[in-house]
1. Give me the residue from the stretch 104-139 that is open to solvent by less than 50 Å² (accessible area, probe 1.4 Å) and closer than 11 Å to Ile167 by Cβ and, out of that set, modelled with the lowest pLDDT.
2. Residues to consider are Gly409, Gly387; find the one that is at pLDDT below 90, in the same structural domain as Thr333 (by TED's automatic domain parsing) and either within 16 Å of ligand 2 (Cβ to nearest atom) or not in a loop (DSSP other than H, G, I, E, B) (or both).
3. Could you tell me which of the residues Leu334, Leu309, Leu345, Leu322 is touching a residue at least 40 places away in the same chain (Cβ under 8 Å) and under 30 Å from Lys279 (Cα atoms)?
4. Kindly list, by first and then second residue, each pair from a residue in the stretch 393-410 that is more than 8 Å from ligand 1 (Cβ to nearest atom) to a residue that is open to solvent by 80 Å² or more (accessible area, probe 1.4 Å), limited to pairs with Cβ atoms under 8 Å and residues at least 6 apart or on different chains.
5. Report the residue count in the stretch 299-308 for those that are away from ligand 2 (no atom under 16 Å from the Cβ) and in contact with a helix residue (DSSP H, G or I) (Cβ under 6 Å, 6 or more places away or on another chain).
6. Which of (1) aliphatic (A, V, I, L, M); (2) closer than 13 Å to Asn301 by Cβ; (3) surrounded by fewer than 17 Cβ atoms within 10 Å (Cβ to Cβ) does Met340 not meet, given it meets every other one?
7. Looking at the stretch 367-374, can you tell me whether even one residue there is within 14 Å of ligand 2 (Cβ to nearest atom), open to solvent by less than 40 Å² (accessible area, probe 1.4 Å) and either modelled with pLDDT under 90 or not β-branched (Val, Ile, Thr) (or both)?
8. Since Ile414 meets every condition but one in (1) part of a helix (DSSP H, G or I); (2) modelled with pLDDT of 90 or more; (3) hydrophobic (A, V, I, L, M, F, W, C); (4) near ligand 1 (Cβ under 9 Å from one of its atoms), which condition does it not meet?
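The values are calculated or read from the model by the stated rules, or taken from the named source; none is laboratory data. Only a predicted model underlies this, so the values are computations on that prediction, with no experimental measurement involved. Heads up, the Cβs are rebuilt from the backbone with ideal geometry, glycines too, and the neighbour counts pull from every protein chain shown. Accessible surface areas use protein heavy atoms only, side chains included; no ligands, DNA or RNA. Shrake-Rupley method; radii C 1.70, N 1.55, O 1.52, S 1.80 Å.
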Amino acid sequence: MFEQLKDVLAKRTVHLKVVVFLGILLLLMFSAGNWFFYGQTRSYLEEELGKKLIAIGTTTALKINPLTLNDEQSKTLVKQFLKDVQWANDLSNISILDTKQQTILEAKDRTEEKGQEIMPLPEETTNAWLAAWGGVNAVSGLYWIGGTYFKSGYVPIRDKNNIPRAILCVEASAKFFNILNLYKRSLILSGLISLAFTILFGLFLYRVMLSTTSAQETVRQAEKLATMGQLSAGLAHEIRNALGIIDGTAEVLKQRYNRPGQPDEMFDYIQAEVKKLKKIASEFLAFLKGIPVKLERGNINPVIDHILLSLKPELDNANIKLTRKFYPLLPLTLFDTGRMEQVFLNLLLNAKEAMPDGGEIIITTNPTIAKTGQKYVQIKVSDNGEGILPQNADKLFEPFFTTKEQGHGLGLSIVARIIEEHQGEITVESKEETGTTFSIFLPIRDKENYENSGS
Ligand code: ADP
Ligand code: MG
């Protein structure tokens with residue numbers, strides 16, 4: 001049974017890992033696709049722009065005679081021509097460069113636009129410019145000036161002998177690359193967001209795995225309980241056998257040494273005590289075997305009162321004040337009186353032990369409804385004792401967990417089991433040095449429902 005459960009848990013862990021892996025793979029594929037699309041669009045647009053620049057450049061260069069460029073009058077004419085070309089083709093500039101990459105002439109009027117100094121040409125353009133001197137039409141890479149991308153085409157201006165004398169530089173702004181850049185940024189952003197989501201998803205799955213581990217922990221605990229249960233059963237069995245021998249021996253002694261007419265009640269004491277012990281051992285064995293609870297419909301208030309009455313002297317001695325806040329017309333619930341007495345005895349003794357210098361125990365009962373709509377009778381046992389350390393809160397109901405020198409750590413595990421057999425719930429709230437409250441919830445329902453839902 002435990003082995004099977006472990007197998008299921010292990011398989012579930014593997015499934016979770018596969019799901020996470022596939023999720024990340026999908027995300028990577030999606031991002032890669034986007035980047036590919038971005039890259040393709042960018043290089044296509046860049047190439048088209050380059051072609052356009054070269055086309056404008058070659059037709060323009062053909063109409064310029066490089067040898068007239070030193071002449072002031074023809075310079076003015078050429079400048080006007082360049083301006084026309086610039087305007088017609090929506091270029092950002094068109095200029096003629098010399099052997100030192102200096103501008104001889106350009107369409108732009110620098111003097112009119114103040115602050116627009118002639119900037120050294122960006123490095124990206126130098127190679128294209130050099131290539132043009134070699135007689136080849138060339139385009140620069142994209143370069144970034146003042147918040148916009150630019151690209152320029154370089155075409156040699158030749159003399160009659162077909163020798164390059166100057167270089168025509170056709171420059172256009174590539175505003176659409178700004179838009180493309182925006183797209184790139186949103187790609188990065190959406191990538192980051194999906195990464196964050198993946199991480200959150202991973203964390204969520206991690207939580208799920210943790211709860212799986214806590215299920216494993218429960219299995220471990222159940223195993224421990226089972227082994228310890230077997231051990232205790234063996235022990236209780238031995239004790240019961242020994243008690244049988246003691247009982248028999250006492251009987252023999254009684255017959256041998258009792259003088260007729262002068263009965264010695266010492267022998268009866270032995271037998272009476274042995275009988276009590278045998279009953280406890282038998283009950284313990286029955287409990288370990290998990291005999292079904294005998295449910296009767298009733299009011300839980302008098303059951304608590306019965307236990308309180310028998311504990312009163314002990315609590316008075318320990319300087320502990322008892323306060324009961326019972327709900328007067330408490331709905332009836334199904335419970336096993338003997339078992340529930342055991343529950344309250346354990347909780348009250350624990351409360352007492354948590355208050356070595358005295359204090360107050362408050363017992364409250366009231367009807368309540370859970371979020372699921374299930375109605376319960378709630379019984380709260382509160383003390384203002386030493387409280388429970390947060391790191392111990394999970395272990396309270398584990399068998400043999402105790403923080404007391406004289407404790408055996410079985411009380412709460414037995415309580416939990418009894419409540420479970422009633423299909424109820426038990427919760428604990430505790431603050432260190434303020435006290436502890438145990439709440440028990442017993443379902444309100446009729447016997448048929450209870451039996452149908454199985455236990
Ligand atoms: P035991 O009483 O033998 O130690 P229990 O199972 O009854 O075993 O309790 C387990 C542990 O839970 C106790 O050792 C104690 O640390 C803690 N505990 C239980 N009830 C209280 C309480 N009312 N206040 C503080 N600690 C408690
Ligand atoms: Mg105890």
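1. Thr125
2. Working: Gly387 fails: at pLDDT below 90.
Within the list Gly409, Gly387, the selection yields Gly409.
3. Values: Leu309 fails: touching a residue at least 40 places away in the same chain (Cβ under 8 Å); Leu345 fails: touching a residue at least 40 places away in the same chain (Cβ under 8 Å); Leu322 fails: under 30 Å from Lys279 (Cα atoms).
Checking each option against the conditions leaves just Leu334.
4. Final answer for the pair search is Phe400/His408.
5. Residues of the stretch 299-308 away from ligand 2 (no atom under 16 Å from the Cβ): 299-306, 308.
Going one step further and asking which of them are in contact with a helix residue (DSSP H, G or I) (Cβ under 6 Å, 6 or more places away or on another chain), we end up with 303-304.
Going through the stretch 299-308 one residue at a time, the tally reaches 2.
6. Result: Met340 fails condition (3) only.
7. The initial filter retains those residues of the stretch 367-374 that are within 14 Å of ligand 2 (Cβ to nearest atom), namely none.
For the stretch 367-374, residues within 14 Å of ligand 2 (Cβ to nearest atom), open to solvent by less than 40 Å² (accessible area, probe 1.4 Å) and either modelled with pLDDT under 90 or not β-branched (Val, Ile, Thr) (or both): absent.
8. Going through the list (1) part of a helix (DSSP H, G or I); (2) modelled with pLDDT of 90 or more; (3) hydrophobic (A, V, I, L, M, F, W, C); (4) near ligand 1 (Cβ under 9 Å from one of its atoms), Ile414 breaks only (2).
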